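The values are calculated or read from the model by the stated rules, or taken from the named source; none is laboratory data. Because the structure is a prediction, the values reported are computed rather than measured. Please note: Cβ atoms are built from the backbone with ideal geometry, for glycine as well, and neighbour counts cover all protein chains shown. These area figures cover heavy atoms from the full protein model, side chains too; ligands, DNA and RNA do not enter into them. Shrake-Rupley method; radii C 1.70, N 1.55, O 1.52, S 1.80 Å.
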Amino acid sequence: MKTGILNRYYADLPESYLFSTIARKIDSYRQSHPGADIIRLGIGDVTRPLAPAVIAAMHRATEEMADVAGFRGYGPEQGYEFLREAVARGEFAPRGVDLAADEIFISDGSKCDVANFQELFDRKCRVAIPDPVYPVYLDSNIMAGRKNIVFMPAHAGNGFQPEIPKHSVDLIYLCSPNNPTGTVLTRETLTAFVDYALRHGALILFDAAYAAYIQDDSLVHSIYEIPGARACAVEFRSFSKTAGFTGVRCAVTVVPHELAELRRMWLRRQTTKFNGVNYIVQRAAEAVYSPEGREQIRATIAGYMANAAAIRRGLTEGGWTVCGGEHAPYIWWELPEQETSFAFFDRLLETCEVVGTPGSGFGSCGEGYFRLTAFGEPDSTRRALERIRTRLK
Ligand code: PLP
């Protein structure tokens, strides 16, 4: 094969995906230290099992598929009506956000939706991405050949609220609660971004994958709580961290009626390239909004948030500075000045056998920080903190 036919923009990507680099480092440590008791507070994957209400719904749906009357083949690409209605009622209505079912698109994950959505835009458009943030926004735009990318720094100096671009941009990614800093965008910040987008004819791509972790009702959960957002914002939600669906796969993308052309294009894109999420999983996702489902999921999230509080407390008492972990499963740990976050990764692994994620993997403003996650078992989280406090100086 001629190499000239390959998408040359892939050559512009960082050498390997952040988490693959980390996995390789852990493998190599294990090989040189057989029997190592490594505690992983790194990758953002859940550890608690699916809620009983979700499992029961899956069983019922599986039984339905076992006879001719209940069997279902291809479903609607946009998702079954029952789930779109349940999302509108269960996820958005309680926040005072009124959505119609056909503004909601069900998919098999937010990662693919946030990565694919940029396909609907011109290659020349100007993109603004927070720094630090989930790397998929940047990588997917690089793969598409976009060069005109500006970063919106978020650091302790601005309370981790990304700065609005000085020049005009067309697409703006926002992530709240943020992965990796764990901070929530304030109502003032979001209002300023919506005003900016309306003034410049820009679109906000609002990733709220961790909205379920927000503990304070007065904080903004959905971009549509901000007046004007329906005319300038798309929102992404996921069942992954909300209800432990990282392996099951189900997510939601909202494209409001006000963005009619974009909605039509996303539907066209999905009907061509996607064949819908399977029926059993959509019934399972629907059960997340049942009274029992809600209660079980609330308890699971409370367990993760207790880990987050333990990490925050442990590090703060050890004299370190942290943010996040109050409305998100991520704790953003400020490192001593002279050490890079990748060097700290190695030191933490070697001295404590604890794994986290180097901040620089999320953007240049992440240098000097380290991300820990609250998804571990309570006991291993506690042991990790104990090792950090006694062995790391
Ligand atoms: N958005 C953010 C900010 C994430 O951190 C993640 C996963 O870690 C995703 C989206 C992907 O979610 P999903 O499992 O639905 O693909």
(request) May I ask you to list, by number, the DSSP H helices of the chain whose Cα span along the axis is at least 15 Å and whose average Kyte-Doolittle hydropathy reaches -0.5 or more? (result) 18-32, 52-64, 187-200, 291-317, 341-352
(request) Work out, step by step, the length gained on full extension between VAL150 and ARG313: first 0.36 nm times the residue separation, then minus their alpha carbon distance; give nm to one decimal. (result) 55.2 nm
(message) Using only alpha-carbon positions, what ratio does the radius of gyration of segment 185-314 give when scaled by 2.2 N^0.38 Å?
(response) 1.21
(request) For segment 169-185, take each phi angle, set θ = phi - 60°, evaluate the Karplus expression 6.51 cos²θ - 1.76 cosθ + 1.60, and give the result in whole Hz per residue in order, putting x for glycine and proline. (result) 10, 9, 10, 10, 8, 9, 9, 8, x, 7, 9, x, 6, x, 8, 9, 6
(request) Obtain the nm distance between the two label points defined at THR351 and ASN158 by a simple spin-label model: each point lies 7 Å from its Cα along the Cα-to-C-beta direction. (result) 3.3 nm
(request) Would you rank HIS327, HIS167 by solvent-accessible area, highest first, keeping every protein chain in place and using a 1.4 Å probe? (result) HIS167, HIS327
(message) At 1.4 Å probe size, put ASP113, ASP102, ASP27, ASP139 in order of accessible surface, largest to smallest.
(response) ASP27, ASP102, ASP139, ASP113
(message) Please enumerate, by chain and number, the lysines with C-alpha under 18 Å from the C-alpha of LYS111, excluding those fewer than 8 residues away in the same chain.
(response) LYS241, LYS273
(request) Can you figure out the FRET efficiency of ASP37 with LYS393, using R₀ = 25 Å and their beta-carbon distance, to the nearest 0.05? (result) 0.75
(request) Using only the Cα atoms of segment 219-265, each taken as one equal point scatterer with no solvent, compute I(q) by the Debye sum, divide by I(0), and report log10 of the ratio at q = 0.15, 0.31, 0.32 Å⁻¹. (result) -0.49, -1.04, -1.08
(request) Could you compute the FRET efficiency for ASP217 and ALA299, with r as their C-beta to C-beta distance and R0 at 30 Å, rounded to 0.05? (result) 0.95
(message) Quick check: convex hull over the Cα atoms of segment 104-195, volume per residue in Å³, rounded to an integer?
(response) 113 Å³
(message) Not counting ligands, DNA or RNA, and with a 1.4 Å probe, what is THR321's accessible surface area in Å² rounded to the nearest 10?
(response) 80 Å²
(request) At most 15 other Cβ atoms within 10 Å and a DSSP loop assignment: could you name the GluC sites (Glu not before Pro) in segment 289-393 that fit? (result) GLU337, GLU339
(request) Please report Rg over Rh for the chain, where both radii come from the alpha carbon positions and Rh follows the Kirkwood definition. (result) 0.97
(request) Could you state how much accessible area SER32 has, in square angstrom rounded to the nearest 10, with a 1.4 Å probe and all protein chains kept in place? (result) 80 Å²
(request) Have a look at the DSSP beta bridges in the chain and tell me what percent are antiparallel, nearest 5. (result) 50 percent
(message) Taking 45 Å as R0, compute the FRET efficiency from the Cβ-Cβ separation of TYR9 and GLU188 and round it to 0.05.
(response) 0.80
(message) Using a 7 Å offset from the Cα along the Cα-to-Cβ direction at both ASP45 and LYS166, what is the distance between the two label points in nm, to one decimal?
(response) 4.3 nm
(message) Taking loop as defined by DSSP and a crowding limit of 10 other beta carbons within 10 Å, which chymotrypsin sites (Phe, Trp or Tyr not before Pro) in segment 41-96 fit?
(response) PHE71, TYR74
(request) Calculate, axis by axis, the spread of Cα positions in segment 260-393 along the three principal axes, and write the results as whole Å, longest axis first. (result) 54, 37, 24
(request) Work from the charge dipole of segment 169-310 (Cβ charges, +1 for Lys and Arg, -1 for Asp and Glu, about the Cα centre) and give the residue of ILE172, VAL281, ALA197 farthest towards its positive end. (result) VAL281
(request) Scan segment 1-69 for trypsin sites (Lys or Arg not before Pro) in coil per DSSP, keeping those whose Cβ has at most 10 other Cβ atoms within 10 Å, and list them by number. (result) LYS2
(message) Using only alpha-carbon positions, what ratio does the radius of gyration of segment 50-140 give when scaled by 2.2 N^0.38 Å?
(response) 1.45
(message) Testing the spin-label approximation: label points 7 Å from Cα along Cα→Cβ at ARG199 and ALA343. State their distance in nm.
(response) 4.2 nm
(request) Subtracting the Cα-Cα distance from 0.36 nm times the residue separation, let me have the gained length for TYR74 to ASP102 in nm, one decimal. (result) 8.2 nm
(request) Pull up all non-local amide H partners of ILE39: gap of 5 or more, or a different chain, and H-to-H distance under 5 Å with H placed in the peptide plane. (result) VAL354, VAL355
(request) Work out how much length LYS2 to ALA231 would gain on full extension: take 0.36 nm times their residue separation and subtract the Cα-Cα distance, in nm to one decimal. (result) 77.9 nm
(message) Which order do you get for CYS323, CYS250 if you rank them by accessible area with a 1.4 Å probe, largest at the top?
(response) CYS323, CYS250
